[in-house]
Structure formats: C-alpha cells, structure tokens
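FYI, it's all coordinate maths here, none of it is from the lab. Just so you know, these numbers come straight off a predicted model, no measurement behind them. Here the Cβ positions follow ideal geometry from the backbone for every residue, glycine too, while neighbour counts run over all protein chains shown.
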Amino acid sequence: MAQKDLIISEKDGTLSFGDYTLDEKTKVKDFKYKGDLLYVKTYKTTTKLESNDLFVYESEPGTRVSHMKYDDSSMSFQVEGAGNTDITVGLSPETEYQVSAAGEDYGVMKTNLGGKITLSLDLSDGKPKSVSIRKD
C-alpha cells in the first residue's frame, strides 16, 4: 500500500485509512475531507485518526478501517486487524450511544468527560468486522 493510500475518500463519500501491516510509523497530515483536515498515523501497534486536531479514532494494535462515516449523532465503519484489538472513538462527552460490533449488541454505552468509548474486538480471523455507534 502506497503512503497516499493510507487515507482515502471513497466514491460513496466514506473514509478509509490505516495499515496494520507496517513495521514503521507512517503519517499523513492535512488530508482534506469534507472541509476538515485529517491526520492519520498508522503501523503495526497503533492506528490513529484526528480531524482538525480533535481525536476521532485509535486502535491498539493497528487496524485498517474502511467506509467510516461519522457525524454528531453516529459513527459506523468496517475494521480489520490482527488479534484482540482495543478501539477507542471520540464522540460527544457524557452521551449515551447504542453500540454494536461484529454482529453483537454491546447495548448502551456512555461516553466519558472526554467523549470517548472503548470497545474490544477479536480480529484474529482476518475478516472485516462492522461497528455501528448511534446516539440513543
């Protein structure tokens, strides 16, 4: 995957980013997406996305995220990686969201003061998993 492909705007208007197979940290700064400037850092141990210097997504270890769409009330994406993975997303602070991932209903989760929710997924089977988060 070329560096320019570490973050792309898909034809359907969604966003894809990350590469969990890289041995060295690779970054893309100032990627223009829907009027925002995005920053992605990705490699084997972490993948991180920021929008206008605000936290959006982070995984440990690294992941490949595809077809992400997000707004003030929801976020959805496909994610793939290797092994057990912790995914943290940035949303509105102290707000309840209905969360489902990999076909499982995680129920209602409330963000902390920083607006973050963390969930764990087993990505060891190599298949992309769907994640859906929406305001309850």
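The number of residues in the stretch 27-48 that are crowded, with 16+ Cβ neighbours inside 10 Å and of a type outside the set (A, V, I, L, M) comes to 9. Among the conditions (1) buried (at least 16 other Cβ atoms within 10 Å of the Cβ); (2) free of Cβ contacts under 8 Å to residues at least 40 places away in the same chain, Thr14 misses just one, which is (2). Considering the stretch 112-136, the residues that are surrounded by 18 or more Cβ atoms within 10 Å (Cβ to Cβ) and in contact with a Phe, Trp or Tyr (Cβ under 7 Å, 6 or more places away or on another chain) include one that is nearest to Ser59 (Cα to Cα), namely Leu119.
Taken over the stretch 91-107, the residue count meeting the criterion of being touching a strand residue (DSSP E or B) at 6+ places or on another chain (Cβ under 6 Å), closer than 21 Å to Val79 by Cβ and assigned to a strand (DSSP E or B) is 6. In the stretch 35-81, the residue that is nearest to Val99 (Cα to Cα) out of those that are in a loop (DSSP other than H, G, I, E, B) and in contact (Cβ under 8 Å) with a residue 12 or more places away in the chain is Ser73. Does the stretch 24-34 hold any residues that are among the charged types (D, E, K, R) and not in a loop (DSSP other than H, G, I, E, B), and which are they? Matches in the stretch 24-34: Lys27, Lys29, Asp30, Lys32.
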